[in-house]
Each structure stands twice: as C-alpha cells, then as structure tokens.
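The values are calculated or read from the model by the stated rules, or taken from the named source; none is laboratory data. What you see is a predicted model, and the numbers here were worked out from it, not measured in a lab. Here the Cβ positions follow ideal geometry from the backbone for every residue, glycine too, while neighbour counts run over all protein chains shown. Side chains included, ligands, DNA and RNA excluded: accessible areas come from the protein's heavy atoms. Shrake-Rupley method; radii C 1.70, N 1.55, O 1.52, S 1.80 Å.
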Amino acid sequence: MNAAARPDPTVREPPRLSVSTDGYVRLTPTAFHAVRLLHLFSELDPDAAAVAVSPAGASAATLVGFTEWASETLPALSLGWNWRLAAGNSPARYERDGEVRSNIMFIDANGRDYGAVGTDALLREAIAALDWQRAVTDYISNRYA
Amino acid sequence: MRVISGAPSGLPDGFFGRVAHYRHQVFVEQLGWQLSAQDGVESDQFDRPDTVYVAIEDHEGQIAGCARLLPTTRPYLLAEVFPELLNGLSPPSDPAVWELSRFAAMDFNQPAATPLAQFSTSATALLMREAMACAARCGAERLITVSPVGIERLIRRLGIQAHRAGPPMRIGGHAIFACWIEVQGSTHG
C-alpha cells in the first residue's frame, strides 16, 4: 500500500477485484499491498470533543476527527478511521484512534475469510505504515483555517 | 420512552404527521439537507402505505427519534437515488434485505445539542435496536442504509455488526455512504 503523496515505483499492478453479495471486497493481504490509497477527506468531529488530563491534573483540549481513504480500483477499497491530535504533545501529531472501518475482508490463499477482527488487525498495521498524517494535516489546515 | 412502530395503517391517528414534522426539524432545519418539504413536514415518494416506521416518544410524548424501513423488493432510496454508493454492486432486491433510512435520534429537549448531534446516545441505542427488531419481524436478515458517515461509528460503538458498502461520497455538501447492518445475531440481548 502506498500513500498518494509518496508513490512507490515498485508498486505492482492492482489486483482484479469484485464486490461480494454481502458488500465486502475480498482480497489477500498481498493483493492489498499492491493497491494505492488516496485521501478523500478528513473532518473534525465536534460531537466527540475530548479533554486530556495529565497526572498533575492539567488538561489540554484534544482535537478529534476522522479521515477517509479509498483506492482508485473498481470496485473501490474504502477505509476510514478516527484520529486525535493532542495539543499537549510537541510537536503535535495525529494518532489513529480505535478501529478501522472498511469494506475489506481479507482472505487467505485458500479463499477463507480472516474475519472482522483479523482484517481489522492487518488494516491497523497497514495504516501505521501509511503516511496519512501529512495528508490529514494539510486538509484540516486548509479546510478549517 | 415509548416505542411505536408499524405501517401507516397501524399507527395512531396523526402519528405519521408528527414523525414527518420531526424529520423536517432534524434533516431540513438542523442538518440542512435539501429534501422535499412543505409546511414544516418532510416526506418523499418512499413514504408509502407499505413503509414501516419506528419512532420513540420521550416521557413528555414528544418524538425523540425515528427510522424508516423499506423492503428492497419495492422501490427504495438507495436503489432509486444513490445506487453509486453500492460500489458497483447491483442494488439488492431480496425479501431478507430491508433498507433503513431517515434514521435520527436528536433530542430537542437538550439545549446544548449541536446540529451534528443527530444521535443522542441512549435514544439512538434504543431506536437502533427497535428498528432492527422490527425489521427482523418483517423478515429482514440484513439492513442496507444510506446515512451520514457518522452513523457507522455509532453503530459499531453499539456493538452491532456492520460494514460500509463503499467509499462515502459528498452529495449536496454532505458526506454520506451506504452501510450493511447484520440483523441476525444482533437483535438478541
């Protein structure tokens, strides 16, 4: 998998994909890593405002929101997750917060589903390797400046 | 809270009008959706005699949430208006698949509620469970819904099995998406 901002010249041809009748796009983790993801949009979540409290009792507002990414494949792979930006950190850094929401179901070489939990675990790893923070920073800065 | 559900012929007199007014308050006035509305009432071509409604009343008898269920074997919102949200999948036409739409649980008795607070926690949980139970009684095994993207976080927070059908799209300035919700296994307990 490759962030849109940093195309990888070693990327392979995207896999042939289809939507199952249950709405999932099934593919192997290997096939997933050949897919390029693009940032669709990110938003603040005003209903989930959070306050971080330090052990000493000081508090700092934490910006929270979500981000949406998708592939250019047909059908598209879709991923979204929540993020938080803690003001107390220096420099401030976006961090993924919680599960990954997607239409992806990973399958093994025999076509067996990984299941929701197994798929989520692999998607979390993939996101950790994706340079998504820069895209979110730019988008949020422009949208809410 | 009191739950009321059924097709229009089985609802109390004037109840649909109150639900349509509540929908106008939520979707048109608060969320700014461009919907068919007149005289403070929101309804469309999918509000039919066979449409099933689920609504909750608060302790003062005010509507505090509503949802609409449509069989996919007849015209429904996703298939007719937003098929692109299905990511290339043909819109389902299956008696075991029902559409959930116009879902909202905004509590107008909460003065601090923001326009995006479409889903107040306790009312949302109750309404979602009741909508799923009602759908199950209608024969649904799965629901497909067209909703703002925020509902996906909420549904999964409630422990309900659900996953998106494809990427969200901005339509009329609002990010919406289609979401599959498993009814079987989620309606007990």
(request) List every residue pair whose Cβ atoms sit under 7 Å apart, with the two residues 6 or more apart in sequence or on different chains, where the first one lies in region B:144-158 and is more than 10 Å from every other protein chain (Cβ to nearest Cβ) and open to solvent by 10 Å² or more (accessible area, probe 1.4 Å) and the second, anywhere, is part of a helix (DSSP H, G or I) and of a type outside the set (V, I, T). (result) B:V146/B:L77; B:V146/B:L78; B:V146/B:L85; B:L158/B:A125; B:L158/B:M128
(request) From (1) touching a residue at least 40 places away in the same chain (Cβ under 8 Å); (2) assigned to a helix (DSSP H, G or I), pick out the condition that doesn't hold for B:A178. (result) (2)
(request) Kindly indicate whether any position in region A:121-131 is at pLDDT 95 or above and among the acidic types (D, E). (result) yes
(message) Would you confirm whether or not region A:122-133 contains a residue that is in a strand (DSSP E or B) and closer than 20 Å to B:R156 by Cα?
(response) no
(message) Step by step: first the residues of region B:159-176, then only those that are among the hydrophobic types (A, V, I, L, M, F, W, C) and under 17 Å from B:E141 (Cα atoms), then the one that is farthest from the other protein chains (Cβ to nearest Cβ). Which residue is that?
(response) B:I160
(message) Looking at region B:33-62 only, could you name the residues that are part of a loop (DSSP other than H, G, I, E, B), under 21 Å from B:C134 (Cα atoms) and of a type in the set (D, E)?
(response) B:D47, B:D50, B:D58
(request) For residues that are touching a Ser or Thr at 6+ places or on another chain (Cβ under 6 Å) and open to solvent by 10 Å² or more (accessible area, probe 1.4 Å), scanning just region A:64-101, find the one that is modelled with the highest pLDDT. (result) A:R84
(message) For a quick check of your reading of the model, give me the residue pairs whose first member lies in region A:23-39 and is at positive phi, whose second is of a type in the set (A, V, I, L, M) and not in a strand (DSSP E or B), with beta-carbon atoms closer than 6 Å and at least 6 apart or on different chains.
(response) A:G23/B:A165
(message) Against the conditions (1) more than 28 Å from B:R2 (Cβ to Cβ); (2) more than 14 Å from chain A (Cβ to nearest Cβ), where does B:Q62 fall short? Just the number, please.
(response) (1)
(request) Please work out which one of (1) at negative phi; (2) crowded, with 22+ Cβ neighbours inside 10 Å; (3) at pLDDT 90 or above is the condition B:M169 fails and give its number. (result) (2)
(request) Evaluate the following for B:L100: is it touching a residue at least 60 places away in the same chain (Cβ under 8 Å) and either among the aromatic types (F, W, Y) or open to solvent by 10 Å² or more (accessible area, probe 1.4 Å) (or both)? (result) no
(message) If I filter region A:19-34 for residues that are modelled with pLDDT under 80 and crowded, with 18+ Cβ neighbours inside 10 Å, do I get at least one hit?
(response) no
(request) Kindly indicate which of B:Q45, B:Q34 is touching a residue at least 12 places away in the same chain (Cβ under 8 Å), more than 18 Å from B:A165 (Cα to Cα) and over 16 Å from the mean Cα position of the chain (by Cα). (result) B:Q34
